[in-house]
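The values are calculated or read from the model by the stated rules, or taken from the named source; none is laboratory data. Everything numeric here is computed off the predicted structure, so don't read it as measured data. In this analysis, Cβ positions are derived from the backbone assuming ideal geometry, glycine residues included, and neighbour counts consider all displayed protein chains.
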Amino acid sequence: MAEDKKYWKGIEELEQTPEFVKSTQKEFTEYVPVQDFIGNAEDDSSETSRRDFLKVLGFSVTAATLAACEAPVTKSIPFLNKPEELTPGVADYYSSTFFDGYDMASVRIKTREGRPIFVQGNLASPFSGGGINARINSSVLGLYDSKRAKGPAIKLGNSWAKNLSWERVDKDIIQSIRNTSATGKKVTLLTGTVISSVAKNAISSFRANVGAQGGKFDHVSYDAISASGILDANQKTHGKRVLPTYNFQKAKTVVSFAADFLGNWLNALQYTKGFTTNRNPDNDWMVKHYQFETTLSVSGAAADVRASMKPSVIVEAVKYLYQQIGGDIKGNVSPKLAVKLKKAAKELLASKGESLVVCGSNNGGLQVLINAINQKLKNYGSTIDIDKEVYTRKGDDVTFSRLVEEMNNGDVGTLIIAGLNPSYVAPASLKFNEAVKNVDTVIYTGERFDETSEYANYFAPNSHFLESWDVLNPSKNDYGFVQPTINPLFKTRQWQESLLKWSGDNQDFDNYVKSTAISIVGSESAFIDAIHDGFVSISGTETSKSDTENLDYLSNQTDESDLISVSTIENALNQSSIKVSGDYELELYVKTGLGNGEYAFNPWLHEMPDPISMMTYDNYISMNPADVMKLLKLEDTKGNRRSALYIGQESPAKVAEITVGSQKIKLPIVPQPGQARGSLAIALGYGRKGTENFTREEWLGDLYDTENKSNNTIGKNAFPLLQQDLWINNTISSGVSIELLEGVSYPMATTQTHNTMMGRKLVNEVDFSTYKEQKGKAKDKGGYNEALLISDSYGEKKTTRELDLWEEQAIDLGHRWGISVDLNLCTGCGACITACHIENNVPLVGKDEVRRSREMHWMRIDRYYSSHIEIDGESELVDELSDLNTINDYLDAEVSDSDDNVRVSYMPVMCQHCNHAPCETVCPVAATTHSDEGWNQMTYNRCVGTRYCANNCPYKVRRFNWFQYDDLNIPAFPDFAKVNYAQDDLGRMVLNPDVVVRSRGVMEKCSMCVQSIQAGKLKAKIAGRPVEENDIDAACSSICPAECITFGDLNDTNHRVNKMKDDDRSYLLMEEIGAQPNVYYQTLVRNIDKET
């Protein structure tokens, strides 16, 4: 019998109402217009930009596909006609070059579905050696900054008419230039250093156009962090105003006077690569590094021998060293300093032609003395190549000062500013902001409305480098190529194109760049290859004018002849002399994070701790702890230091006011071991206009300004304190005073409140001679890396493996992913921290949460200072746990050394991926388990947030999501909305789609970049071969400029990490716990005398 029963869900279906019938015809009950999710469609063309394509994906692939079936889609890409270069779910990489006037590197850009999400170094680059720093790595976030200028603007009265058409703005600017030319005033272009061949051609066209109108044109370059003194010194001694190439890889002895060549001095990435090449203790020799400086720097932390001194004493130290190697001048230094300088001179002479002396001062006279020292040591042509010219610094302090004078006199009619923020970086004594008011027309080509835009009449926004085409010439015969990885997100254009437009040249800019590049490389095919590689080196035989005008110094160098004349030396002595008065001298330095302040709006860099102080988010006054105790009027004892100088969650910093001439600045005080006594130091790059939008009263404490919110910036601007002389100097030796502000405090956010290892074997150290003596015997009893043995219940000594209570993991089968960290190479630069943040979508939490020790860094770099305690009336270095016998010993050991005797050690720490992980056994829901490939893995949707795993982790590397950091609707915690890029619709574009964004109540930690491991395995599988070492790299190891982190398969004998784990230097962090990590550390080897 046939079944004739009818089933229905509701009356609508039974009655077949018109609404029900209509609803059955499509899946979505509500119509979704295509234009609603594409947004801002301006035409009906079928051309699709990457940006619009991403909007489609962001809505949802399903909805977009179904909607595309219903009606013509104007700005989406159906995958039936997928672009050849785009495969959803697979990353594409583009070679490019980064240069912002300060940092320079060849880079590779990782893109996903047409949007850049990660910047890493180009390993094949001859210039930067494949390394990049945290600033370059973090620059990708600037692309998605919703506070960038959206289009050109004209100032009407005191307000801006924004987002105008380029035609409107160009018309007004062209007329303004004509008017200036007609009046006989100058048209001046003010830039930072220009190394762009495209820009040089555009400037030439613009110059010709102004000249054709009967006008006068001038181009002035000024660098925020000036190297004008070095350039002028080389002009005097070598006849060419350029930087030389410093070959640190050839130097057996390096002496640095306040040059942070591993951090921020000139081309530090290139120098780091060269220097760390010679820090391999397995070589026949290891470079010996002397550092003489005022403020403890990254380079000073890595030094074998270090001495701290006031800025004025550095001048005398250079003179004394010159005298010790045979120079006919004298320097006045203390006996203690003289001992170190004599040792340095002895080693320099022993390694003649294989040594290097550098200086970070911008005083041209002092740099002439440095050149004279290097000449006497026969370093030119070896460790210093003056013929391999470097062009990454070209600023001229003298011409910049002259420009200000011309503006004051009303001689400048039109001022175009590109690649520089002079209203922020100019010294207050120069009075640039007063002078620029006398200019008829000011045109600014910045990326945002900032300090300089306040004085501009026209704003022509510049494109981000990831949206740009360019050809860069960083050094002689070397070229880097910049290519866009995304279409411009806003109505911006490159300032070079703007110059061409204002010159009346309306040709297609892409073709203009292409023709410039082809004129350099020779053909279109060569141009394509250069774009693919990101750089090209051309063997040139041309001789520059400067080469023919100066003598062939290298061929004339003998013991009898000097490169530099006596009169030049005498003139240099006069120029290097410093007027000293007062109890304190001030040094203005550059931090590893923010640099010159260009990236003051990048929260990744603010939340990255300073490698020296471990402070985040602020600049401050660095003082020697003894000077702080004196300022506080307290007796300088270890007990008083512990209580008075401690800075933590409930212990805010003291505040002082520094006066330099007519300038005053209020900042918190941070006691800094290694800071020269009688000196103060403040970081530049802070106090940017607009950063007040990040802060709130809880961040700034007693310094919060309730009346003028614009004063509540992150940190304070110290650029006005720069001293204007013949050169712009970052050290001030007279007229400096400091006053403690009684009862005023300031909350500071630090990621590390402990300073020393207190005798524990965290960073294992050994001197170079002992390392060589114990080769092959390091793990024997009494060796520097003695194997750890623990007594069992019967008193028998056994290894932690033999005493193991855990069930053994099958670690010898298949892949076993691991990491090796070479402590000899780590400079503490922090690039690995930002790389990990970016690759793994790690949230930012703001200053207040960092202050509560709730930072979310998956990876941290611990910084340890050495400490001494009194044992039997003698001061002894604490290097063994057995040195500490009483509670007072432990307390005193935590008070670090503070003067020249302080040693600094760095230790990158991530999840150790223990084979016997204590976290795994305590999780009640198995949210953290062990992979059969060796790593400790997290299942986020199982985690219920008990935090047992964090409590049981001996390495403290697990991070808990206390809040929903990507949720805007938490009015009680506004920090998250201010600093977390995932709060912003545009900022979310930087998120890595391969890594889930975690939610509140979930634990997270280092995953060893499991997404990269899976991608590498898939690549090898498709190729039908085993996984090779180059197939996979973790974010931290791919970014490190010193190559201190090595990632690979511990079970694969073809991988470097396999060999490194069995090296004599290799050890496990806190091995006595028995957790059996898959992260190995290589012992730090210092090139010091045994008795040091």
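Quick check on my filter: what residues within the range 213-244 are part of a helix (DSSP H, G or I) and β-branched (Val, Ile, Thr)? Listed by number, the residues that qualify are Ile230, Thr237. Does the range 257-266 contain any residue that is farther than 26 Å from Ala317 by Cβ and among the aliphatic types (A, V, I, L, M)? So far as the range 257-266 goes, no, none of its residues is farther than 26 Å from Ala317 by Cβ and among the aliphatic types (A, V, I, L, M).
Checked against the criterion of being basic (Lys, Arg) and within 25 Å of Lys236 (Cα to Cα), the range 270-280 has no qualifying residue.
In this structure, is Thr188 in a helix (DSSP H, G or I), buried (at least 17 other Cβ atoms within 10 Å of the Cβ) and assigned by TED's automatic domain parsing to the domain that holds Tyr444? Judged against the criteria, Thr188 is not a match.
For Val315, are the conditions met, namely being within 33 Å of the chain's Cα centre (by Cα), surrounded by 16 or more Cβ atoms within 10 Å (Cβ to Cβ) and β-branched (Val, Ile, Thr)?
Values: within 33 Å of the chain's Cα centre (by Cα): yes; surrounded by 16 or more Cβ atoms within 10 Å (Cβ to Cβ): yes; β-branched (Val, Ile, Thr): yes.
So Val315 passes the test.
For Ser176, the requirement of being over 30 Å from Leu721 (Cβ atoms), among the hydroxyl-bearing types (Ser, Thr, Tyr), crowded, with 22+ Cβ neighbours inside 10 Å and more than 34 Å from the chain's Cα centre (by Cα) is not met.
Scanning the range 134-161 for residues that are surrounded by fewer than 16 Cβ atoms within 10 Å (Cβ to Cβ) and not hydrophobic (A, V, I, L, M, F, W, C), we see that the one that is farthest from Ile443 (Cα to Cα) is Ser146.
The criterion of at least 2 residues that are aliphatic (A, V, I, L, M) is met by the following strands (runs of 3 or more DSSP E) wholly inside the range 986-1092: 1084-1086.
For the range 579-633: of the residues being without any contact (Cβ under 8 Å) to a residue 24 or more places away in the chain and part of a helix (DSSP H, G or I), which is nearest to Lys654 (Cα to Cα)? Once the filter is applied, the top-ranked residue is Met629.
Checking each residue in the range 191-240 for being crowded, with 23+ Cβ neighbours inside 10 Å, among the small types (Gly, Ala, Ser) and over 24 Å from Gly480 (Cβ atoms) picks out Gly229, Ala233. Of all the residues in the range 288-339, those that are closer than 23 Å to Glu570 by Cα and aromatic (Phe, Trp, Tyr) number 2.
Run down Asn952, Asn915 and say which single residue is closer than 30 Å to Ser866 by Cα and of a type outside the set (Lys, Arg).
Details: Asn915 fails: closer than 30 Å to Ser866 by Cα.
Being closer than 30 Å to Ser866 by Cα and of a type outside the set (Lys, Arg) holds for just one of Asn952, Asn915, which is Asn952.
When Leu415 is tested against the conditions (1) part of a strand (DSSP E or B); (2) under 25 Å from Asn267 (Cβ atoms), the lone failure is (2).
Contact annotation: residue pairs with Cβ atoms under 6 Å, 6 or more positions apart or on different chains, pairing a residue in the range 815-834 that is among the basic types (Lys, Arg) with a partner that is outside any helix (DSSP H, G or I) and modelled with pLDDT under 95, are Arg816/Gly934; Arg816/Leu1050; Arg816/Asn1051.
How many of the residues making up the range 787-801 are without any contact (Cβ under 8 Å) to a residue 40 or more places away in the chain and within 30 Å of Asn1054 (Cβ to Cβ)? Give the derivation first.
First pass over the range 787-801, keeping only residues without any contact (Cβ under 8 Å) to a residue 40 or more places away in the chain: 787, 789, 791-799.
Then keep just the ones that are within 30 Å of Asn1054 (Cβ to Cβ); that gives 787, 799.
Number of matching residues: 2.
A residue that is touching a residue at least 24 places away in the same chain (Cβ under 8 Å), buried (at least 22 other Cβ atoms within 10 Å of the Cβ) and in a loop (DSSP other than H, G, I, E, B) can be found somewhere in the range 436-445. For the range 627-639, the condition holds for at least one residue, the condition being that it is within 25 Å of Asp705 (Cβ to Cβ) and touching a strand residue (DSSP E or B) at 6+ places or on another chain (Cβ under 8 Å).
Please go through the range 842-866 and pick out each residue that is more than 22 Å from the chain's Cα centre (by Cα) and assigned to a loop (DSSP other than H, G, I, E, B). Residues satisfying the conditions are Arg852, Ser853, Arg854, Ser866.
For the range 880-922, a residue qualifies if it is touching a helix residue (DSSP H, G or I) at 6+ places or on another chain (Cβ under 8 Å), closer than 19 Å to Glu765 by Cα, aliphatic (A, V, I, L, M) and assigned to a loop (DSSP other than H, G, I, E, B), and exactly one does: Leu884.
The residue list Thr485, Thr492 contains one member that is in the same structural domain as Gly214 (by TED's automatic domain parsing) and either out of contact with any Phe, Trp or Tyr (no Cβ under 6 Å at 6 or more places or on another chain) or surrounded by fewer than 17 Cβ atoms within 10 Å (Cβ to Cβ) (or both), which is Thr492.
Of all the listed residues (Ile203, Ile195, Ile174, Ile230), the sole one being in contact (Cβ under 8 Å) with a residue 12 or more places away in the chain and outside the structural domain of Val412 (by TED's automatic domain parsing) is Ile230.
Looking at the range 266-295, which of its residues are over 20 Å from Lys252 (Cβ atoms) and either polar (S, T, N, Q) or surrounded by fewer than 24 Cβ atoms within 10 Å (Cβ to Cβ) (or both)? Passing the criteria: Leu266, Asn267, Thr294, Thr295. Taken over the range 777-793, residues that are modelled with pLDDT of 85 or more and of a type in the set (Ser, Thr, Tyr) amount to 1.
Would you check which residues across the range 1-28 are of a type in the set (Gly, Ala, Ser) and either at pLDDT below 65 or loosely packed, with under 10 Cβ neighbours inside 10 Å (or both) and list them? Steps first, please.
First pass over the range 1-28, keeping only residues of a type in the set (Gly, Ala, Ser): 2, 10, 23.
Passing the criteria: Ala2, Gly10.
Among the residues of the range 344-390, those identified as assigned to a helix (DSSP H, G or I), in contact with a strand residue (DSSP E or B) (Cβ under 7 Å, 6 or more places away or on another chain) and touching a residue at least 24 places away in the same chain (Cβ under 8 Å) are Ala344, Glu347, Leu348, Leu366, Gln367, Ile370, Ile373. When the residues of the range 875-914 are filtered to those that are surrounded by fewer than 21 Cβ atoms within 10 Å (Cβ to Cβ) and of a type in the set (S, T, N, Q), the one that is nearest to Lys336 (Cα to Cα) is Asn901. Within the bounds of the range 267-280, is there any residue that is out of contact with any helix residue (DSSP H, G or I) (no Cβ under 8 Å at 6 or more places or on another chain) and among the charged types (D, E, K, R)? The answer is yes, given that some residue of the range 267-280 is out of contact with any helix residue (DSSP H, G or I) (no Cβ under 8 Å at 6 or more places or on another chain) and among the charged types (D, E, K, R). Inspect the range 532-544 for any residue being in a helix (DSSP H, G or I), at pLDDT 65 or above and out of contact with any helix residue (DSSP H, G or I) (no Cβ under 7 Å at 6 or more places or on another chain) and give the result as yes or no. Checking the range 532-544: at least one residue is in a helix (DSSP H, G or I), at pLDDT 65 or above and out of contact with any helix residue (DSSP H, G or I) (no Cβ under 7 Å at 6 or more places or on another chain).
Give Ile531, Ile520 a once-over and let me know the one that is among the aliphatic types (A, V, I, L, M), over 24 Å from the mean Cα position of the chain (by Cα) and farther than 18 Å from Pro116 by Cβ.
Details: Ile531 fails: farther than 18 Å from Pro116 by Cβ.
The match here is Ile520.
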